[in-house]
1. Testing the spin-label approximation: label points 7 Å from Cα along Cα→Cβ at R91 and A78. State their distance in nm.
2. I want the local charge near F3. Using Cβ-Cβ distances under 14 Å, sum +1 for each Lys or Arg and -1 for each Asp or Glu among the other residues.
3. Using a basic spin-label model with each label point 7 Å from the Cα along Cα→Cβ, how many nm lie between L13 and R34?
Amino acid sequence: MAFSVFVITQMLLAMAFSASRERSLLKTGLFKNRWLWLSIGFGAAAQVLITEWRPLQAVFGTVSLALTDWLVVLTVAAVAGVVPEGAKLARHARTGLESGV
């Protein structure tokens with residue numbers, strides 16, 4: 001499960017920092033970078049195959065995850081997407097307050 005958390009976290013971080021380190025992902029355009037979405041789709045499909053398809057389980061030493069395990073993976077990994085966005089919002093609020101905006 002830790003392997004899946006790590007992989008999904010990296011995908012979410014790539015999304016969080018894909019357009020800007022300063023502006024929120026929602027303000028820069030969530031679906032602006034189709035190549036990023038293509039790579040995330042490929043990575044997610046590969047992750048599911050590695051954890052769920054028996055021939056790849058043998059190669060990578062993984063085991064199938066139950067639905068509840070996948071929910072835990074997505075919940076824990078989602079923090080990685082929320083934290084950078086929260087930091088951007090906090091930085092923007094602080095900068096706005098300092099500049100009088």
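1. About 2.4 nm separates the two model spin labels.
2. Cβ neighbours under 14 Å give a net charge of -2.
3. In this crude spin-label approximation the distance works out to 2.9 nm.
Coordinate-derived values only; no laboratory data. Note that the structure is predicted; figures quoted are calculated from it, not measured. Please note: Cβ atoms are built from the backbone with ideal geometry, for glycine as well, and neighbour counts cover all protein chains shown.
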